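One structure, pasted below without further comment.
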Amino acid sequence: TTDIYYDDDADVSTLDDDTVAVLGYGSQGHAHALNLHESGVNVVVGLREGSSSRSAAEADGLTVTTPADAVSQASYVSVLVPDTVQADVYENAIEPNLEAGDTLQFAHGLNIHYAQIEPPEDVDVTMVAPKSPGHLVRRNYENDEGTPGLLAVYQDTTGDADERALAYAKGIGCTRAGVIETTFQEEVESDLFGEQAVLCGGVTSLVKHGYETLVDAGYSPEIAYFECLNELKLIVDLMYEGGHAEMWDSVSDTAEYGGLSRGDRIVDENVRENMEETLEEIQNGEFTREWILENQAGRPSYNQLREAEKNHEIEEVGERLRDLFAWAEEDETEAENDSVE
Ligand code: NDP
Ligand code: MG
Ligand code: MG
């Protein structure tokens, strides 16, 4: 069984003699910096000249400087700029200012696992990855709740890498909920697979195919939207609470029989093969090579795919329906609060 670490397994005062540089003040950055700060850790935020996040970090009462200066002040560097710029920030601001015995930490292992960043041998390299968007990491902490997280040690030169990463995980509130130990490889490959095959790619594709099948057969777009997209949330909420069992228990016997007898016909062996191919491209580095080249070329395919997705009929139908029905109003207020936090 997997070891899970809780508050009792970690001690924030392990970092008493450290200064933690939090590079980036976006989704994860703002949450880590504020939670650590309120946990009594010495934090300095590193942002580039002219950064649009600077005023927010300063208004939150944090010390802000450039990434290079933050790294040279710090003994613990938390890299929370977007994955696509990390190699560049590493080369220009981090690497020249790292010292032996420092900790270099990530919230996602992509750049280390695919060797876009190759740290020197005399620093610890760790990962603390909250399994949730940054705004929830912050909100949970403020509500005395935790956010589950993953912890991994890629390189341990001080002999304390684990203990230090656990202290950090406690500082941002993760050990309140539980922290699972993993490796960079497992975190990266499973994360990419999950978002591509199931969570983001698989689900939206399933929804679009369902919607199109109904609309092409003459059913109204509004009905198709409710059946194939809107109700998905209610089903997922039940799965989240009590697994598939709770979902099957809650739907009608008709839905249960229909779903159990037809589900594997929809998502069949072909889909399974496609998933395996997708996983292979992740494992052999093909996906990441493609993504790096895509960024270097100015994101032409990415922009095209985004545009096509935005222009799908289901988006227009959804916008209209969300305006007409009350459920969306609450959600939008919540979303606004999120972005203000
Ligand atoms: P964001 O996109 O929210 O980070 C934006 C921050 O990075 C801003 O402060 C921005 O400042 C700064 N930034 C952007 N480009 C540069 C640059 N070239 N040089 C210096 N600073 C820059 O990132 P996330 O929080 O989404 O992701 C951070 C890490 O956390 C990633 O490794 C990600 O995989 C991981 N992660 C993210 C999760 C999430 O929910 N978002 C969940 C778990 C892990 P500026 O105003 O200057 O642009
Ligand atoms: Mg993920
Ligand atoms: Mg991801």
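What is the one condition in (1) in the same structural domain as residue 268 (by TED's automatic domain parsing); (2) under 16 Å from residue 132 (Cβ atoms); (3) surrounded by 15 or more Cβ atoms within 10 Å (Cβ to Cβ); (4) not aliphatic (A, V, I, L, M) that residue 210 does not satisfy?
(2)
Taking residue 200 as the residue in question, decide whether it is within 16 Å of ligand 1 (Cβ to nearest atom) and open to solvent by less than 20 Å² (accessible area, probe 1.4 Å).
On the way: within 16 Å of ligand 1 (Cβ to nearest atom): yes; open to solvent by less than 20 Å² (accessible area, probe 1.4 Å): no.
No.
Could you list, in sequence order, all residues of region 29-62 that are among the polar types (S, T, N, Q), over 21 Å from the mean Cα position of the chain (by Cα) and over 20 Å from residue 127 (Cβ atoms)? Explain how you work it out, then say what you get.
Start the filter on region 29-62 by keeping residues that are among the polar types (S, T, N, Q), which leaves 35, 39, 42, 51-53, 55.
Retained after the next criterion (residues that are over 21 Å from the mean Cα position of the chain (by Cα)): 39, 42, 51-52, 55.
42, 51, 52, 55, listed by residue number.
Scan region 85-93 and give yes if some residue there is outside the structural domain of residue 287 (by TED's automatic domain parsing), within 15 Å of ligand 3 (Cβ to nearest atom) and crowded, with 23+ Cβ neighbours inside 10 Å, otherwise no.
Scanning region 85-93, I find no residue that is outside the structural domain of residue 287 (by TED's automatic domain parsing), within 15 Å of ligand 3 (Cβ to nearest atom) and crowded, with 23+ Cβ neighbours inside 10 Å, so the answer is no.
Condition check ((1) more than 19 Å from residue 35 (Cβ to Cβ); (2) within 16 Å of ligand 2 (Cβ to nearest atom); (3) open to solvent by less than 50 Å² (accessible area, probe 1.4 Å)) across all residues:
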residue: 59; (1), (2), (3): no, no, no
residue: 78; (1), (2), (3): no, no, yes
residue: 108; (1), (2), (3): no, yes, yes
residue: 123; (1), (2), (3): yes, no, yes
residue: 128; (1), (2), (3): no, yes, yes
residue: 132; (1), (2), (3): no, yes, yes
residue: 142; (1), (2), (3): no, no, no
residue: 148; (1), (2), (3): no, yes, no
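Being of a type in the set (S, T, N, Q) and touching a strand residue (DSSP E or B) at 6+ places or on another chain (Cβ under 8 Å) is the filter here, so list the residues in region 51-88 that pass it.
63, 65, 66, 73, 75, 78, 86
Under 6 Å between Cβ atoms, which residue pairs at least 6 apart in sequence (or on different chains) link something in region 31-47 that is closer than 10 Å to residue 173 by Cβ with a partner that is within 16 Å of ligand 2 (Cβ to nearest atom) and in a helix (DSSP H, G or I)?
31/134; 31/137
The values are calculated or read from the model by the stated rules, or taken from the named source; none is laboratory data. Quick caveat: nothing in here was measured; it's all calculated off a predicted structure. Every residue, glycine among them, receives a Cβ derived from its backbone with ideal geometry; neighbour counts consider all protein chains shown. Only protein heavy atoms, including side chains, enter the accessible area calculation; ligands, DNA and RNA are left aside. Shrake-Rupley method; radii C 1.70, N 1.55, O 1.52, S 1.80 Å.
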